[in-house]
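Data first, discussion second: the structure below is written as structure tokens.
The values are calculated or read from the model by the stated rules, or taken from the named source; none is laboratory data. These figures come from a predicted structure and were not determined experimentally. Don't worry about glycine lacking a Cβ; one is built from the backbone with ideal geometry, like all the others, and counts go over all protein chains shown.
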Amino acid sequence: MHIDPLEKKWAQISVGICALFVGIIMIDALFHSVNAPSNVETINSATLHLSEEFSEDNLGVQVDAEGNIFVRMVAGRYSFFPKKVTVPADTKITFRWVSIDVLHGVHIPMTNMSTMIVPGFVAEVESSFPKPGDYPVLCNEYCGLGHDHMWSKIDVVEKDQWIAPQTSSTGAAE
Amino acid sequence: MTELNEEERKKILESAPVGTWALMVTVGISMVIGWLFLYYGVFLSRGIIN
């Protein structure tokens with residue numbers, strides 16, 4: 001089969017570029033622990049409202065005894081609950097997401113937050129918000145006819161203006 | 001457009017395709033720079049998810 005020399009060179013360059021990209025990703029994955037979200041923690045989606053951690057009173061922002069900030073959110077067709085949370089800027093925040101019905105996803109622009117929320121599993125992602133402001137929370141997995149209306153909001157305020165909520169008596173933040 | 005004689009036509013066809021090479025290298029380098037910016041400047045700088 002005849003292949004034009006110029007075409008052959010361009011194919012070699014293309015393969016070389018792909019090899020470079022894959023090589024960088026492999027090196028980071030093997031030596032710097034850059035992996036896809038891999039928290040495996042199961043939960044019964046049918047009884048979330050009865051669970052200690054994701055009962056209605058424990059949703060939203062909580063601070064544990066060590067000062068770590070947790071945000072627990074429930075995704076359900078077609079919203080994230082609670083609808084609005086307030087967190088401090090430039091602070092490590094651990095988000096824990098669960099779904100009450102079907103497969104959802106969550107994306108918060110300008111942050112590292114992008115993960116699937118699989119029914120029966122808890123999706124845990126550590127994130128932070130570089131600047132104060134309103135950040136939209138968007139569903140990025142098609143979940144039904146109302147998918148494009150599925151959103152929530154995170155209000156990010158300056159660290160010194162943020163008032164930590166009272167820790168729940170259930171101790172769910174631990 | 002001026003008509004090329006056979007000699008000119010042969011010279012063009014047998015010479016190195018400098019313009020095509022320049023385009024290939026420009027596209028290749030731009031793609032690599034763009035990818036590296038997105039990977040190191042956007043993806044990794046926003047924090048690793050594990």
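Is there any pair with a first residue in segment B:4-20 that is among the β-branched types (V, I, T) and a second that is surrounded by 11 or more Cβ atoms within 10 Å (Cβ to Cβ) whose Cβ atoms are under 9 Å apart and which are 6 or more apart or on different chains, and what are they?
Listed by first residue and then by second, the contacts come to B:I12/B:L4; B:T20/A:L6; B:T20/A:W10.
Would you say B:I49 is farther than 20 Å from A:A11 by Cβ, free of Cβ contacts under 8 Å to residues at least 60 places away in the same chain and in contact with a strand residue (DSSP E or B) (Cβ under 7 Å, 6 or more places away or on another chain)?
For B:I49, the condition - farther than 20 Å from A:A11 by Cβ, free of Cβ contacts under 8 Å to residues at least 60 places away in the same chain and in contact with a strand residue (DSSP E or B) (Cβ under 7 Å, 6 or more places away or on another chain) - is met.
Name the single residue, out of those in segment B:31-46 being facing another protein chain (nearest Cβ under 7 Å) and under 19 Å from the mean Cα position of the chain (by Cα), that is farthest from A:I27 (Cα to Cα).
B:M31
Are any residues in segment B:12-33 part of a helix (DSSP H, G or I) and either surrounded by fewer than 11 Cβ atoms within 10 Å (Cβ to Cβ) or of a type in the set (D, E) (or both), and if so, which ones? Show your work before the answer.
Residues of segment B:12-33 that are part of a helix (DSSP H, G or I), as a first pass: B:12-14, B:18-33.
Passing the criteria: B:I12, B:L13, B:E14, B:V18, B:G19, B:A22, B:T26, B:S30, B:I33.
Taking the condition at negative phi and at pLDDT below 90, does A:P130 pass? Step through it out loud before you land on a result.
On the way: at negative phi: yes; at pLDDT below 90: yes.
The answer is yes for A:P130.
Considering every residue within segment A:60-79, establish whether at least one is outside the structural domain of A:K131 (by TED's automatic domain parsing), free of Cβ contacts under 8 Å to residues at least 24 places away in the same chain and acidic (D, E).
Among the residues of segment A:60-79, not one is outside the structural domain of A:K131 (by TED's automatic domain parsing), free of Cβ contacts under 8 Å to residues at least 24 places away in the same chain and acidic (D, E), which makes the answer no.
Condition test on A:V40, is it of a type in the set (A, V, I, L, M), modelled with pLDDT under 90 and not assigned by TED's automatic domain parsing to the domain that holds A:I117?
In short, yes.
Here is a list of conditions, (1) at pLDDT 90 or above; (2) away from chain A (no Cβ under 11 Å), and B:S15 meets all of them except one; can you say which number that is?
It is condition (1) that B:S15 fails.
Given the structure, is A:Y135 in a strand (DSSP E or B) and of a type outside the set (S, T, N, Q)?
Yes.
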